[in-house]
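Read the structure below first, then the notes.
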Number of protein chains: 2
Amino acid sequence: MLSEFSLIDRFFARRASAPSLRHPDEAARPLGIGDDCALIAPPVGHQLAISTDMLVEGRHFFADVDPYALGHKALAVNLSDLAAMGAAPHAFTLALALPRADEAWLDAFSNGLLDLARRFDCALVGGDTTSGPLNICITVFGDVPGGAALRRDGAQAGDDLYVSGTLGDARAELGAIRGEWSAPDGACWRRALEYPEPRVELGQALRGIAHAALDISDGLAGDLMHIFKRSNMRALVDADAVPVSDALRTLPDAARRQCALAGGDDYELCFTAPVSARAALADIARRVDVPLTRIGTIEPIVSTDTPGAPGITWRDANGAPLSLTLQGFDHFHAD
Amino acid sequence: MLSEFSLIDRFFARRASAPSLRHPDEAARPLGIGDDCALIAPPVGHQLAISTDMLVEGRHFFADVDPYALGHKALAVNLSDLAAMGAAPHAFTLALALPRADEAWLDAFSNGLLDLARRFDCALVGGDTTSGPLNICITVFGDVPGGAALRRDGAQAGDDLYVSGTLGDARAELGAIRGEWSAPDGACWRRALEYPEPRVELGQALRGIAHAALDISDGLAGDLMHIFKRSNMRALVDADAVPVSDALRTLPDAARRQCALAGGDDYELCFTAPVSARAALADIARRVDVPLTRIGTIEPIVSTDTPGAPGITWRDANGAPLSLTLQGFDHFHAD
């Protein structure tokens, strides 16, 4: 049986790339796995963007998930947080609780994790391994020039509201697994659930253009509220403009809207930008090869007709008001 | 029942102190809880020391542990890693899987955690909360001047080998709980197990003096091997010089040595320093009020009489060779 140290060495440490040398002072070289701490430094004038996510079996993934896909997703959801800040991936730590040291599982999991890490030049610099119910906790570090991060509190009245890619496919796959509906031929739902693509290049391209941004992990409706509360704004959103895949269009209206507007696990970016940025955003969409769709407008909170303070007014494609009952994702309530 | 967001807000976000302003550029101010990422930057010329530790119920603590003590210990073990690098605590993230949102438990846990964080001016800057088997994953960030970190690979032949405080009390308490032996009156064992004191001030004082350092979390014998392997050295260690509490002295020799030399959960610092530093170290011990004890000498690996490469030669108080069978802590084998 593998010991804790040989497990770390074999599947992670020996295969991890070292953090790149960014510091002008040679004495202050970065340090990866193998000491009490890793040592890194952002370039002078930059900040380190930090995010942490914990994935639990039965809650964020099924026990029989492909471990390669799980390795990919565990890092992807963290890279998505960096993307939402406009930060460039730099390094990450991995803490792992495993019920047993299963070599085939670890081989596939570490491949999925490290393949994605290599794509984004994100070095594994440290971690912890223990026995226990399966739990994956990744903390990721990115670089962003000082003051250039895309925050949630910068939305301004009159801004356009955008989302990248399409929403709802991951939730649709979950519904298919649960028997709520069937996936049509050729549906991309499973790939959306298992292999979310963090919008890393897009996030960095939005620096200096977007006023506020976040990634959609708990469903558009709920996540938008984070922007509105932090920015003290509200929005008029065209529910039918929210971009969905052809496969999602096969679902009845109510199911489609539940998936697209409150589905969770999408990892697309949602952001606000001034009307003057429309041409620049069209260029960015082409350059990074990610569709960007305008879905609404940011409005100031006017006390007379918006008694509910920060919030969303939904409209359909014809501009008619929609009354939607959507349930966002909350880890302490049933989905 | 508390939702995920009100739980974070009530017990953690609202009570967390903001990260301090360290960056000269006002635009690049630090950002704490509430966005996709936290933003921090070490002072120019400094590095960020990063460590992550995962604590699992039934493995690192008992299900009925006092939640205040658990909050303390979860952060203390991470601060101990910073201390071992000579880094000053700056910030941390907390990822928490909870079987249920138990308000009394969360109140006590967050108090234990945040009381220790305040003592060391270490700001909670982000995290994640989910339902699942109880799991606490903390990632901690410290500042260290570029090139000044205490690493494991710097031990030199002729160095003295030191440990701080006393070793073995946490393991002795575990033995008492398991019925292996009884705690004598007034034993400090329980406090050692539940409230380890990270040697933060000592670690920073050792910068520029110690050649190599680490913290003792898995037992002296096993942890020392990390220094020897990374430094390509070995050591002659006086097993009876290893400092122990009066309460530990009441145990029979074999039990006492097992606790002190391979016990785990000690969180004292172990370091090497040149003979010329003895007076400076005596001054430091007085200043930070932590006993420092010389327990051995670092030796080069000489192929003729040290066939085992990096390793430890144990002696007793009379200089006679000791043959010890010690079991270090490995999370994938029984303790």
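With point charges of +1 on the Cβ of Lys and Arg and -1 on the Cβ of Asp and Glu, referenced to the Cα centre of region B:160-315, which listed residue (B:Gly222, B:Ile301, B:Ala280) lies farthest in the positive direction of the dipole?
Farthest towards the positive end: B:Ile301.
Per residue and in Å³, how big is the convex hull formed by the alpha-carbon atoms of region B:160-315?
In region B:160-315, the Cα convex hull volume per residue is 110 Å³.
With contacts defined as alpha carbon pairs under 8 Å and 6 or more residues apart, what's the relative contact order of chain B in percent?
21 percent
If the viscosity is 1.002 mPa s and the temperature 20 °C, what translational diffusion coefficient in µm²/s does Stokes-Einstein give for region B:4-145 when Rh comes from Kirkwood over Cα pairs? Before the final figure, lay out the partial values.
On the way: Rh = 15.4 Å.
Translational D for this selection: 139 µm²/s.
Under a point-charge model restricted to the Cβ atoms of Lys and Arg (+1) and Asp and Glu (-1), what is the dipole moment magnitude of region A:160-315 relative to its Cα centre, in debye to the nearest 20?
Result for region A:160-315 is approximately 320 debye, rounded to the nearest 20.
With +1 on each Lys and Arg Cβ and -1 on each Asp and Glu Cβ, how big is the dipole of chain A about its Cα centre, in debye rounded to the nearest 20?
In debye, rounded to 20, chain A gives about 580.
Out of the DSSP beta bridges found with both residues in the protein assembly as shown, what percent are antiparallel (nearest 5)?
75 percent
Would you mind checking the radius of gyration and Dmax of region A:140-183 based on alpha-carbon positions, in Å?
Over region A:140-183's Cα set, Rg and Dmax evaluate to 17.8, 48 Å.
Taking 0.36 nm per residue of sequence separation and subtracting the Cα-Cα distance, how much length would be gained by fully extending the chain between A:Glu180 and A:Thr313, in nm to one decimal?
Here the answer is 45.1 nm.
Taking a point 7 Å out from Cα toward Cβ as the label site, list the nm distances between A:Arg207 and the same residue in every other copy, smallest first.
2.8
Using the Cα centre of the protein assembly as shown as the reference point, and only Cβ charges (+1 on K/R, -1 on D/E), how large is the resulting charge dipole? Debye, rounded to the nearest 20.
Rounded to the nearest 20 debye, it is 1000 debye.
If you look at just the Cα atoms of chain B, how large are its Rg and its Dmax in Å?
20.8, 69
With unit charges on the beta carbon (Lys/Arg positive, Asp/Glu negative), name the residue among B:Ile209, B:Ala172, A:Gly263 whose Cα is farthest towards the positive pole of the charge dipole of the protein assembly as shown.
Result: B:Ile209.
Could you state the principal axis extents of the C-alpha atoms in the protein assembly as shown, from the largest down, to the nearest angstrom?
Computed over the Cα atoms, the extents are 92, 49, 48 Å.
Can you give me the distance in nm between label points at A:Asp107 and B:Arg286, each placed 7 Å from the Cα along the Cα-to-Cβ direction?
Modelled inter-label distance: 6.1 nm.
Can you return the aspartates and glutamates within cross-link range of B:Lys73? Criterion is Cα-Cα under 12 Å, with same-chain partners fewer than 8 residues away left out.
The reachable aspartates and glutamates, counting only those whose Cα sits under 12 Å from B:Lys73, are B:Asp53, B:Asp115, B:Glu194, B:Glu197, B:Asp265, B:Asp266.
A short reminder: the numbers here are calculations on the coordinates, not readings from a lab. All of these numbers come straight from a predicted model, not from anything done at the bench. Note that we place each Cβ from the backbone using ideal geometry, even for glycine, and neighbour counts take in every protein chain shown.
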